[in-house]
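Scroll down for the structure; my scribbles are underneath it.
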Amino acid sequence: MSSDDPSARPPSSAGSVFREGFEYDFSSLDPMSAHIDPPSIAVYETLMAKGPDAQPHPLIAESWRTTTRATEWLVRLHPDITFHSGAPCDAPAVLRSLEAVRWQLGSDHQLWYWDAVDTVSVVDPLTLRFALVHPSLRFPSLLWGTHTSIFNEELRQARSSDFGTMLADGTGPFKLVTWSPDRIVVERWDAYGGPTTAFLQPSAGKRPDRVEWVSVTDEARRLDALESGALDCIHAPPVDDIERLSEHPDFVVYRHPQPSNMYLSLDWRRRELGFDDLRVRRAVDLGIDRRSLVATVFAGNASPTWGPLPPGHEFHDPRIDEAGRHNAAEARALLDSAGWLRGADGVRSRDGNRLEFPCVVQDDQVFGRVAEQLSRQLAELGMAVHVEYAKPFAEFYSACRSGVASALSKWLWQDPMDALIGFSSMATQPFPNWSHASSGRLDRAFAAWIRGESADDLQAAASEAQSTFVEDLPYIPLLTPDEVWVWRQGVHGFAPSPALLYPYYHSLSAPDD
C-alpha cells in the first residue's frame, strides 16, 4: 500500500490542478514498459484515436488511405508536430518508435498484434506505408492502441535509464514534471497545437496547468480523499458506496462493463493435478458460482462471464454467457469420474497426489476478496487452494512465469479480442499464456479474426473463439468488473468511454474552484 496520503498534501501553488486517485502504484512512463497507466494517455499520443463510435479518428495522423483490399495503408502525419523536447515528430521518428515497440518488447519475435504487418516504411517526411501480409479490417486497432503510443525513440536510446521516470518525450497535451511510484505530476504543454478530432476538443475553458495522479491503494482512503476535496476524481471506489455516490449532488459517477476479463488459469502441464484433463477443468468451471462472486465481492457492480469477452463489447456473443451454469453436484461427479476421490480431510487425491495447489494473486483488495471466495467454493469440491499474493504488476508477472500451478489474473485491454489472442494463443507461450494451453481450434479462430475482411467475418471468428473457450477452457473466465470513475461537479471534459482503456485528457478543462 502506498504511504502517500493525498489529504496531507498542501494544494499546489502552480495554478489550476486536476488531481486523480488511482488504485495501483504507477509503472514507468516508458511506453516500452509492460504496463500502461492513465498518465501515459496525457503524455503520449497514438497515430489514430479510437472514438466513442469505435472507429478511427485523426490524432498524430492527419489522414490515411488504403488499397482496394486494404493490404496497404498510407498514413499521412499532421505537419509541424514536435515532441515535448522540440524534436520533430516526422515519419522517420514515428517509424523509429513503432519499430522499437514492434521488435524490442518481444523476446525473439514481433508482438502478436503486429502479425498482420509485413513492413513499415517512410514514403516522405510526413507519410508512412504499412504493407500487410493479408487484408485486415482491424488494422486501425494497432495504430490506436496504447501499446503503440509514439515517443522519441532517439532520446529514449540516449537516456534509457532515465526515460519514463526522469524524463518522457511524447506529443500529448501534458509533459512530465515528476514521477514516483505513488505520484506523477505533469504540466500543460502550451506549444501543443491540439487535435483536429472533434470529440477531443476542450469542453469549456482551458486545460489545467497541472494534472497529478496519486496512488491510493486502499479504496476507503481513496474515497475519503475525494469526499474531502483532496482529489477531484477517483477510479474504482468501494463498491458498497457506488449507489450512494450516484445519487449525491456533488459527484458524477461513470459506470460501464470494463474492457477486461478476470479469470483463473490452470497450468495444463501439471498432469499430477489433472489440469491436462478436460473433466477437471470442466469441474472447476461448473463448481464456481460466478453470480455469488458478483454479488458478494462487487455488490452487483460486475457481470458473470463464462466466455472470455466482456459484456458490452461489440463482438461479445451473449449466447455464451446465457448458457453458463453453476452446478456443484455435476462438478463433483466429474472429479469422481476422473479418479479424484475425497480423503478423510475432504481433499481429493489420485495416485498419491492431493488436489492441493497454490494460486498466485495480485496483492490488491478486490483480487483478495475474489480469491477468498473462490478458494472457499473450490474447497467444497474437494480442492485445497492456497492463495499466494504478489505485488502488481512485475512481481505478479514474474510469479506467473515461474510456473505456478494456478493464477487469478485479469487482462485489461482496449480491444478485447487482441487481448484474448495474447493471453491464450499457443503462439504466445510461455508468456503471457499462463496456462500453457494448447487449442488448435482456438488458434484457427484467432487466425480468422486477424484476416477478417468484413464485420460478419469478425463476428464469426469472435463467436468461434468464445465457443471454443467454453468447450476447451484454455483458461476459466470468471467475471468482468464494472469500470467506475467518480469525479466532483465542476470537473469538465473528463470523458471515459466504453471504447477506451483510459480517458483522454485532451478535453479536460481546469476544475471549477
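Annotations
- Filter result for G164 (surrounded by 19 or more Cβ atoms within 10 Å (Cβ to Cβ) and on the phi > 0 side of the Ramachandran plot): yes
- Comparison of A323, A329 shows that the only residue that is in the same structural domain as A405 (by TED's automatic domain parsing) and either surrounded by 19 or more Cβ atoms within 10 Å (Cβ to Cβ) or without any contact (Cβ under 8 Å) to a residue 24 or more places away in the chain (or both) is A329.
- Index of the failed condition, K410 passing every other in (1) in contact (Cβ under 8 Å) with a residue 40 or more places away in the chain; (2) within 21 Å of N353 (Cα to Cα); (3) among the basic types (K, R): (2)
- Residues that are surrounded by fewer than 22 Cβ atoms within 10 Å (Cβ to Cβ) and either assigned to a loop (DSSP other than H, G, I, E, B) or among the acidic types (D, E) (or both) within the stretch 483-492 comprise Q489, G490, V491, listed in sequence order.
- Cβ pairs under 8 Å, 6+ apart, first in the stretch 51-64 and closer than 20 Å to F83 by Cα, second surrounded by 12 or more Cβ atoms within 10 Å (Cβ to Cβ) and basic (K, R): A61/R76; E62/R76; S63/R76
- Of all residues in the stretch 369-383, those satisfying the criterion of being crowded, with 16+ Cβ neighbours inside 10 Å, out of contact with any Ser or Thr (no Cβ under 8 Å at 6 or more places or on another chain) and not in a loop (DSSP other than H, G, I, E, B) are V370, A371, L374, S375, L378.
- Taking the listed residues D232, D277, D267, the one that is within 30 Å of P474 (Cβ to Cβ) and either crowded, with 20+ Cβ neighbours inside 10 Å or polar (S, T, N, Q) (or both) is D267, with no other qualifying.
- Only one entry of G346, G339 meets the criterion of being surrounded by fewer than 17 Cβ atoms within 10 Å (Cβ to Cβ) and either under 10 Å from L381 (Cα atoms) or within 36 Å of the chain's Cα centre (by Cα) (or both), and that entry is G346.
- Where a residue in the stretch 122-145 is in a helix (DSSP H, G or I) and its partner, wherever it lies, is acidic (D, E) and crowded, with 19+ Cβ neighbours inside 10 Å, with Cβ under 7 Å and at least six apart: S141/D415; S141/D418
- None of A295, A299 is touching a helix residue (DSSP H, G or I) at 6+ places or on another chain (Cβ under 6 Å) and in the same structural domain as M426 (by TED's automatic domain parsing) except A299.
- Any hit, the stretch 375-387, residues being farther than 22 Å from V280 by Cα, in the same structural domain as Q459 (by TED's automatic domain parsing) and without any contact (Cβ under 8 Å) to a residue 12 or more places away in the chain: no
- Odd one out for A283 among (1) of a type outside the set (D, E); (2) in a loop (DSSP other than H, G, I, E, B); (3) crowded, with 18+ Cβ neighbours inside 10 Å: (2)
- Selection of the stretch 64-100 for residues being surrounded by 14 or more Cβ atoms within 10 Å (Cβ to Cβ), at pLDDT below 95 and touching a Pro at 6+ places or on another chain (Cβ under 7 Å) yields A70, T71.
Matching residues to (1) closer than 21 Å to L264 by Cα; (2) without any contact (Cβ under 8 Å) to a residue 40 or more places away in the chain; (3) in contact with a Gly (Cβ under 6 Å, 6 or more places away or on another chain); (4) of a type in the set (D, E):
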position	(1), (2), (3), (4)
G422	yes, no, no, no
W434	yes, no, no, no
A437	yes, no, no, no
I450	no, no, no, no
D457	no, no, no, yes
A462	yes, no, no, no
A465	yes, no, no, no
P474	yes, no, no, no
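- Sole residue being surrounded by fewer than 18 Cβ atoms within 10 Å (Cβ to Cβ), among the hydroxyl-bearing types (S, T, Y) and over 30 Å from A42 (Cα atoms), chosen from S438, S463, S425, S467: S438
- Annotation note: Cβ proximity below 6 Å between a residue of the stretch 260-277 that is assigned to a strand (DSSP E or B) and of a type in the set (V, I, T) and a residue that is at pLDDT 95 or above and crowded, with 18+ Cβ neighbours inside 10 Å (sequence gap 6+ or interchain) occurs for no pair.
The values are calculated or read from the model by the stated rules, or taken from the named source; none is laboratory data. Remember, it's a predicted structure, so these values are computed and weren't measured experimentally. As a convention, Cβ positions derive from the backbone with ideal geometry for all residues, glycine included, and neighbour counts pool all protein chains shown.
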